[in-house]
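Have a look at the structure below, then the notes.
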Amino acid sequence: MVNIENKGNLVINGMGSSGGGTFKKVLINGKGTVHGDVDCYDFSINGTGRVVGNVKGEHGKINGSGDIEGSIDFDRFTIDGTGGIRGNVKVNKIAISGKGRIGGSLKGEEIKIRGNATIGEDCEAEEFKGEGGFKIGGLLNADVIDISIAGDCSAKEIGGQSIKVKKGIFRFLNNLFKSVYPVSLNTEIIEADEIEIEYTKAKMVRGKNINIGPDCEVDVVEYTGTFTQDPSAKVKEVIKI
């Protein structure tokens, strides 16, 4: 059942479908599908929802299971359940608390991941905070990167001004079930002014002040300022520039 309310609200309750368009609010409750691009102020999926098109708005949220078969452009966006976005994501602030899948690139001012996220291409932000697991197919680039590993994390390259990688709060569980649940960050290159990492595997770590913490495996370290290494870390070559 589809109801258009208040001269521009699109509400789908139960099972139903509608065409796209411009609305003040779009709300999908139950199992609904919108065919076409959507431009709105508030966008929300509760239950199982799908948009066959692009979505643009101010505030957006996916609760339950939602799929957008295009790109999105929002000021704020939240994924609390399972959300899939086939195209690119452009936001000021995004929080992924459940499981998020982005087929293209993710660009935002503030990106927070508390769960699991898969990003097909590059991820760019002013501030990136990851607590859990993520897979980034391209470059992770942010001024400030703070990662607490509680799962398998990977990115092709990581760059910024300040990069900190540490084991997450479930340290004791990770130690018990390490063979079942991998706990590490894998990347080819890490480059920043300030670098502090642990449980990380990288071919190259390059920066000014570098601290290689426990259980790291690094092929080459290049630094211009200070360098420290935990006894449990494995570094093949260290070069002072």
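Does N63 satisfy the criteria of being part of a strand (DSSP E or B), under 20 Å from N46 (Cβ atoms), at pLDDT below 95 and touching a strand residue (DSSP E or B) at 6+ places or on another chain (Cβ under 9 Å)? Talk me through it step by step, then tell me what you get.
Values: part of a strand (DSSP E or B): yes; under 20 Å from N46 (Cβ atoms): yes; at pLDDT below 95: yes; touching a strand residue (DSSP E or B) at 6+ places or on another chain (Cβ under 9 Å): yes.
Spelling it out, N63 is indeed part of a strand (DSSP E or B), under 20 Å from N46 (Cβ atoms), at pLDDT below 95 and touching a strand residue (DSSP E or B) at 6+ places or on another chain (Cβ under 9 Å).
Only residues that are at pLDDT 95 or above and either aromatic (F, W, Y) or surrounded by fewer than 22 Cβ atoms within 10 Å (Cβ to Cβ) (or both) were counted across the range 122-147, and they come to 15. How many residues are buried (at least 19 other Cβ atoms within 10 Å of the Cβ) and either assigned to a strand (DSSP E or B) or in the same structural domain as T22 (by TED's automatic domain parsing) (or both) if we restrict to the range 74-89? Total satisfying the criteria: 7. Counting the residues of the range 30-43 that are surrounded by fewer than 19 Cβ atoms within 10 Å (Cβ to Cβ) and either assigned to a strand (DSSP E or B) or among the acidic types (D, E) (or both) gives 8.
Taking each residue of the range 131-144 that is outside the structural domain of G168 (by TED's automatic domain parsing) and among the hydroxyl-bearing types (S, T, Y) and looking for partners that are surrounded by 24 or more Cβ atoms within 10 Å (Cβ to Cβ) and assigned to a strand (DSSP E or B) with beta-carbon atoms closer than 6 Å, six or more apart or interchain, yields nothing. Figure legend. Inter-residue proximity from the range 195-216: first residues under 19 Å from A150 (Cα atoms) and part of a loop (DSSP other than H, G, I, E, B), second residues modelled with pLDDT under 95 and aliphatic (A, V, I, L, M), beta-carbon distance below 7 Å, spacing 6+ or different chains. Indicated pairs: Y199/I149; Y199/V183.
The number of residues in the range 109-121 being surrounded by 22 or more Cβ atoms within 10 Å (Cβ to Cβ) and under 18 Å from R86 (Cβ atoms) comes to 2.
G104 fulfils the conditions (1) outside any strand (DSSP E or B); (2) under 10 Å from the mean Cα position of the chain (by Cα); (3) of a type outside the set (F, W, Y) except for a single criterion, (2).
Yes/no per residue for (1) more than 15 Å from G66 (Cα to Cα); (2) modelled with pLDDT of 90 or more; (3) within 26 Å of the chain's Cα centre (by Cα):
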residue: N3; (1), (2), (3): yes, no, no
residue: G14; (1), (2), (3): no, no, no
residue: T22; (1), (2), (3): yes, yes, no
residue: L27; (1), (2), (3): no, yes, yes
residue: G30; (1), (2), (3): no, no, no
residue: D37; (1), (2), (3): yes, yes, yes
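The values are calculated or read from the model by the stated rules, or taken from the named source; none is laboratory data. This structure is a prediction, so every number in the text was calculated from the model and none was measured. As a convention, Cβ positions derive from the backbone with ideal geometry for all residues, glycine included, and neighbour counts pool all protein chains shown.
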